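> Handing you a structure now.
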Amino acid sequence: MTGPTRTHWAAITAVVLALLFAGAATVASAGGGKDAKSLVPTATSADAGFARDMAVHHQQAVEMSFIVRDRTQDDEVRRLAYDIANTQANQRGMMLGWLDLWGLPKVSADSEPMVWMRKDEHGAHSGHSGGHQAMDGSLMPGMATRADLERLGKAGGKQAEIEYLQLMISHHNGGVTMAEGCVKLCAVATERSLAQGMVDAQRSEVDLMADLLRKRGAEARP
């Protein structure tokens, strides 16, 4: 895997801006008709819930990537961490930007995250729990606990690489579950497209990270 180039990051920036402007266009189009309110997500919608929860989920991935960057000198892992940190920081900014454009709070009024995944497209409870119990800072599927982050921060060299790769595989798999939920439940087409892009990209990165683990004589955690 080669390092990122200016052209590479320029392309990513262009995609990010295009998606953000598409979100703005959604709001603009909503303002022009008598059915405007129905075109802008509500605070309790899957669109808003996904944007809020995935922004938090992404922030932890950025945090873990910065930690491992300072705990290893391995170029391959450092490049991967750099790519993940930049991609997820950009996507996080995009989702928070949409919440601003929609005039919605960035913090949910619900007492727990993931409530949006338990509702169908009409807002009724679907009975789907998401299969995740929040504990020790692990608020959503795949998120590391405080103990995990502390262990990563104390590791060094090869052990830090293994810890990071194992944690990030779990993190990505949890993120894929959430993004697939948005693909099914979100109403805004641009957001569904972003979620599908997350599914595709993170599955690919999971394959890459599993290969990096095998090179280090380790495997993903069950």
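> What are the aspartates and glutamates whose alpha-carbon lies under 12 Å from the alpha-carbon of Lys215, with same-chain residues fewer than 8 places away excluded?
Excluding near neighbours in sequence, the set is Glu76, Glu161.
> Hey, another quick one. Express in nm, to one decimal, how much length is gained between Thr44 and Lys154 on full extension, taking 0.36 nm for each residue of separation and deducting their alpha carbon distance.
35.7 nm
> Would you mind counting up the charge near Ser193? Only other residues with Cβ under 15 Å from its Cβ, with Lys and Arg at +1 and Asp and Glu at -1.
-2
> Right, next: What nm value, rounded to one decimal, do you get for the distance between Val107 and Asp200 when each label is placed 7 Å out toward the C-beta?
Between Val107 and Asp200, the simple spin-label model gives 3.6 nm.
> A further question on this structure: So if we plug the beta-carbon distance of Lys184 and Phe66 into 1/(1 + (r/R0)^6) with R0 = 25 Å, what FRET efficiency do we get, rounded to 0.05?
The pair Lys184/Phe66 has a calculated efficiency of 0.20.
> Let me ask something else. In the range 156-222, carbon and sulfur make up what percent of the accessible area (probe 1.4 Å)?
49
The values are calculated or read from the model by the stated rules, or taken from the named source; none is laboratory data. Just so it is clear, the structure is predicted and the values come from calculations on it, not from any experiment. Ideal geometry is used to build each Cβ from the backbone, glycine not excepted, and the neighbour counts take in all protein chains shown. Note: areas computed on protein heavy atoms with side chains; ligands, DNA, RNA excluded. Shrake-Rupley method; radii C 1.70, N 1.55, O 1.52, S 1.80 Å.
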